[in-house]
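Have a look at the structure below, then the notes.
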Amino acid sequence: MIRRRYLLSSGAAVLAGGAALALFQRAAGGAQPAATFEVAKSEQEWRTSLSPLQFAILRKHATEPPFSSPLDYEKRAGMYNCAGCELPVFSSADKFDSGTGWPSFTRPVEGAVATSEDRSLLMLRTEVHCRRCGGHLGHVFEDGPPPTHQRWCINGGALNFRPT
């Protein structure tokens with residue numbers, strides 16, 4: 001009985017500490033000045049122009065469930081554009097099947113994206129944003145195939161595909 005109580009109280013302490021750390025990190029990040037983008041809209045304008053899924057991903061940094069996007073299975077030649085502003089951000093020539101459940105690319109279109117540190121979920125990741133509207137696209141990891149060895153893991157809901 002004592003062991004179970006110890007285990008439960010230890011687990012609660014770890015969760016509380018993690019929550020406090022996440023709040024501290026968000027508060028520290030909130031002190032940074034907001035970036036300005038070529039395409040800027042109010043929250044209501046974004047809500048009106050995007051689907052609920054697109055809004056959640058692009059504006060609120062949500063992640064779609066793995067294997068839920070039809071774009072993960074898209075095989076045609078074309079361009080993947082930001083769903084927020086239609087900027088071409090990835091080419092089908094750089095797409096590969098990572099098996100992760102999200103569309104993955106070896107590189108973005110040059111000059112199309114920006115990155116920032118993402119310290120959510122108690123880990124450090126590199127977040128990918130559209131450079132024109134600031135929309136959250138996904139994350140980049142260093143476990144991809146040659147030639148870049150990068151995996152640009154992108155939410156399908158943040159993209160519109162335009163076949164060529």
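The values are calculated or read from the model by the stated rules, or taken from the named source; none is laboratory data. On a predicted model such as this, the values are computed, not experimentally measured, just so you know. Ideal geometry is used to build each Cβ from the backbone, glycine not excepted, and the neighbour counts take in all protein chains shown.
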Step by step: first the residues of segment 48-80, then only those that are touching a helix residue (DSSP H, G or I) at 6+ places or on another chain (Cβ under 6 Å) and over 14 Å from residue 157 (Cα atoms), then the one that is surrounded by the most Cβ atoms within 10 Å (Cβ to Cβ). Which residue is that? 78
Based on this model, can you work out whether residue 40 counts as part of a helix (DSSP H, G or I) and either modelled with pLDDT under 95 or at negative phi (or both)? no
Selection from segment 86-132 of residues that are in contact (Cβ under 8 Å) with a residue 24 or more places away in the chain, among the small types (Gly, Ala, Ser) and assigned to a loop (DSSP other than H, G, I, E, B): 98, 101, 112
Any idea how many residues of segment 133-154 are part of a strand (DSSP E or B) and either within 16 Å of residue 83 (Cβ to Cβ) or hydrophobic (A, V, I, L, M, F, W, C) (or both)? 8
Does residue 83 satisfy the criteria of being touching a residue at least 24 places away in the same chain (Cβ under 8 Å) and crowded, with 18+ Cβ neighbours inside 10 Å? yes
Of the residues in segment 33-78, those that are touching a Phe, Trp or Tyr at 6+ places or on another chain (Cβ under 7 Å), touching a residue at least 40 places away in the same chain (Cβ under 8 Å) and of a type in the set (D, E, K, R) number 3
